[in-house]
Structure formats: C-alpha cells, structure tokens
Amino acid sequence: MAVLHDCGQCHSAGRAAKRRSVTGVPGRQTLPEGEPSLLGARVGLALTRAGKSTFEYDLPMIPAAHLRVYEPSVLMPGLPTVAVSASVGLVAGRYGLVGESMAEDGYDAEWRGESYLCPRTPRLRLLQGVLAVRRSYGQLGGSVIPESVARQARRELAGLHAEHPGLRPHILTSAWHVPMRWFVPFPPHSRELIDDGSTLSIRYRTDHISAMARLDQAIDILEASSVPEAVAAEVGELKNWVGEFGVESMLELDYAGVAGLFSKTDLLMDESAADVWSSLEALEDGDWAEAGRHYTRMVSRWSVPMSVSYSN
C-alpha cells in the first residue's frame, strides 16, 4: 500500500533495497535509496491526473513493520486468503502508487491450534492513508495530496462506511521502524524468530484479553509517573484500536521488511518487548535509573531506523 498510517503518522510498505518497475510509458527515472515514499505517491498522483494509469518507474520499496488483528476464521467464511509475502509490484492508481492488490481478501494464520484470518481491507486503508497524509503534513499536505484528491477520498470513504457500517482496518503499518508502543501488548516470552532459510525476522503474538490487560497496565503506570502525557495518550490510542475487536481475536506484531535493516546478530539479540516492559516495571517501582537504562537500550537499538522515518 503506498500510504498507510499508525495513529496519524504516514507510512509505506515494502523493502528498502528492492526496486520494482511498472511499465506502460516510455522512459525510466530512478530515485535514490531511501527517497520518501510520499514523493512516490505525489509522482503517481501527477501521472494519474495526466491521464496515465500505468508507467515504467524504478522506486525503492520502503521497509515496514505491521501490527495485525486476526479473528477466528469461522467469523469470516468464504474470505479468500493470500500469503503475507505476496506482492504485486507498484501500480499507479487514482491515489498514487499502490504496492499491494486491491482485492478484498485476507491473511490466514494458525495459532494455538486455531485458524485465524486478518482481512486486508486495502481500499479502506488506502483511503484512510491518503487523508492521514493530508492531515499529518499540515500546510504541506496540499502539495502531496491536493484538495480535489482528498475530497474524492473523503466521498469514497463515506460511501464505504455507509455500505459497510462496521468496517475497520485490521492492520497498522509503520515505515522504517516499530513504534515503541507496539511492543506494549506483548509479553516478552511471546517473541518468535522467523527464519525462512534466507532471511531472519521477529514476530510477536498474543491473545486479545492479555493484550488489553497489558495496555491497561502500561497506561496506569505511565499516568502515575512523571512522563509526558502524550506518551500515555499514544498507548491509549493503541488500546482503543485493539479494543474495537472481539475477545477471541489474536494480535500480531510482524517486523516484516524492517527486519532487513538489522543484521542477523542484531535480531538474535533484539529483546525490545522485554526492554519496554522492564522500563515500565522500573517506573512502577520508582526506579528511574533502571527505567532509563532499558529505555536507552531500546532507543539505541532503534535510533537509526527512527531517524530515517522522521527525516522522511
């Protein structure tokens, strides 16, 4: 998906070092590695307005992590499934460059002996992402997402909600890094190393009830401490999103493309959820030195990816 968001931030999906071509218009341009995905979206919008629906363009795929909610498969009979790793390349559409299929299907997962599905709802996420770009960039948003495009997105989004009143995104996506608050719902022991033979990644999974309990606990600790109110507010926003789903659902944090920013050794030593919870528990005990030690280790681990994200 060309434009997605987590709590108002604007993100993109894919892998950093990978380039994709979409053919149709003679000529090829190349952006340097790490070029902001929003530029890609703007180029796509310009070409779409010019009447070109497809074109040949080399664009670096932005590495992204994903937070997904899976619900029991029995609740969504007949929903087609697709592999998490499936990709369709980059295609220019009405709202810019899209890096995943617009088909209404979902990801499937087996966990604790049960079958789960995570609907992708690509059109919903695309429309919400376009409007998030417009909001998040303030006055600059108009140069990336023109008002006429935002107005069309708002109309389509309203129509989508009118047609499907309970529709909501099951996936949050973050470019370049995993937001610290995403680790809060997960117990450290739920960390899994995923090795497909060529790449190593990290995944966390937990049940809905445990996730909500941890989010509540973290909010209580943060609100009782002297940390900025915005920190607890961000965790609260995440709790509100998770809380929209049923108690029988499963929450998954997938490093996905972000894992490619780290060496295998770094991933083996990555205990981010443990650091987050050690820092929170130290705050609860009033041990600011210990809390700071774990927080510093966490920030040090993610400083380079986060700096790229914010510079973009």
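So for region 216-237 (the condition being under 14 Å from Val69 (Cβ atoms) and surrounded by 14 or more Cβ atoms within 10 Å (Cβ to Cβ)), does at least one residue qualify?
no
For Val276, indicate whether it is modelled with pLDDT under 95, among the β-branched types (Val, Ile, Thr) and in contact with a helix residue (DSSP H, G or I) (Cβ under 8 Å, 6 or more places away or on another chain).
It is false that Val276 is modelled with pLDDT under 95, among the β-branched types (Val, Ile, Thr) and in contact with a helix residue (DSSP H, G or I) (Cβ under 8 Å, 6 or more places away or on another chain).
Across region 239-272, which residue is surrounded by the most Cβ atoms within 10 Å (Cβ to Cβ) among those that are of a type in the set (A, V, I, L, M), under 28 Å from Glu223 (Cα atoms) and out of contact with any strand residue (DSSP E or B) (no Cβ under 6 Å at 6 or more places or on another chain)?
Val242
Kindly check whether there is at least one residue in region 155-170 that is in contact with a helix residue (DSSP H, G or I) (Cβ under 6 Å, 6 or more places away or on another chain), assigned to a helix (DSSP H, G or I) and small (Gly, Ala, Ser).
Taking every residue of region 155-170 in turn, none turns out to be in contact with a helix residue (DSSP H, G or I) (Cβ under 6 Å, 6 or more places away or on another chain), assigned to a helix (DSSP H, G or I) and small (Gly, Ala, Ser).
Here's the yes/no breakdown for (1) over 18 Å from Val84 (Cα atoms); (2) β-branched (Val, Ile, Thr):
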site: His164; (1), (2): yes, no
site: Leu167; (1), (2): yes, no
site: Arg181; (1), (2): yes, no
site: Val184; (1), (2): yes, yes
site: Ser190; (1), (2): yes, no
site: Leu193; (1), (2): no, no
site: Asp196; (1), (2): no, no
site: Arg203; (1), (2): no, no
site: His208; (1), (2): yes, no
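Check Leu117 against each of (1) under 28 Å from Leu267 (Cα atoms); (2) over 21 Å from the mean Cα position of the chain (by Cα) and name the one condition it does not meet.
(2)
When region 187-206 is examined, which residues are found to be at pLDDT below 95 and not in a strand (DSSP E or B)?
Asp196, Gly197, Ser198, Thr199
Do any residues in region 114-132 that are more than 28 Å from Glu147 (Cβ to Cβ) have Cβ atoms under 6 Å from those of residues that are among the aliphatic types (A, V, I, L, M), where the two are at least six apart or on different chains, and which pairs are they?
Qualifying pairs under 6 Å: Tyr116/Ala109; Tyr116/Met250; Leu117/Met76; Leu117/Leu79.
Which pairs have Cβ atoms under 7 Å, sit 6 or more apart or on different chains, and link a residue in region 225-241 that is on the phi < 0 side of the Ramachandran plot and β-branched (Val, Ile, Thr) to one that is modelled with pLDDT of 95 or more and assigned to a helix (DSSP H, G or I)?
Val231/Leu222; Val235/Arg181; Val235/Leu215; Val235/Ala218; Val235/Ile219; Val235/Leu222
The values are calculated or read from the model by the stated rules, or taken from the named source; none is laboratory data. Quick caveat: nothing in here was measured; it's all calculated off a predicted structure. Cβ sites come from the backbone with ideal geometry, for glycine too, and all protein chains shown count toward neighbours.
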